[in-house]
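Notes follow once the structure below has been shown.
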Amino acid sequence: MNSIADWEQWVKLFRENPEEFERERLAAIEGLITSQPVSIRHRSRQLQWRINAVRRRAPNSLSACIRIYDMMIDSVYGPGGLLEVINGDGSEPLIRPRVRNKKTGICLKLTGAERNEPGSAP
């Protein structure tokens, strides 16, 4: 299989011959890594090693997928991650991460008079 994008063929191969699927998967990964510039191949191999370790330790495929997703999110939003690198020296950020489980505004209780006058300030 030459294309990682041919999903139906990958699924069919996995169902019919899991051992061949694994060989093809490893060959596709190696092909992708060797197609990268020499300057980043080592880093790509390190990342793939981490992904493989997560897959081996996970109790099932879904758990592995979630753990790998968490690794990706950490590499973007975590310390030393992509956002920190993009934003540089701590000045005003160019990209703001999505806020989770935090109140992002203040709710004001309006009195009767303020409710009746559009645009009035408290």
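Summary of computed values
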{"read-out": "Count - residues of the range 3-45 that are in contact with a helix residue (DSSP H, G or I) (Cβ under 9 Å, 6 or more places away or on another chain), in a helix (DSSP H, G or I) and of a type in the set (S, T, N, Q)", "value": "2"}
{"read-out": "Top-ranked residue of the range 46-70 - restricted to ones that are surrounded by 13 or more Cβ atoms within 10 Å (Cβ to Cβ) and in contact with a helix residue (DSSP H, G or I) (Cβ under 8 Å, 6 or more places away or on another chain), ranked as nearest to ALA27 (Cα to Cα)", "value": "GLN48"}
{"read-out": "The range 69-88: number of residues that are among the hydrophobic types (A, V, I, L, M, F, W, C) and under 8 Å from the mean Cα position of the chain (by Cα)", "value": "4"}
{"read-out": "Residues of the range 10-35 satisfying the condition of being out of contact with any Phe, Trp or Tyr (no Cβ under 6 Å at 6 or more places or on another chain) and surrounded by 13 or more Cβ atoms within 10 Å (Cβ to Cβ)", "value": "TRP10, GLU24, ARG25, ALA28, ILE29, ILE33"}
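Values quoted throughout were computed directly from the atomic coordinates according to the rules given, and no laboratory measurement underlies them. Quick caveat, the model's predicted, so the values are computed rather than measured. Virtual Cβ from ideal backbone geometry, glycine too; neighbours counted across all protein chains shown.
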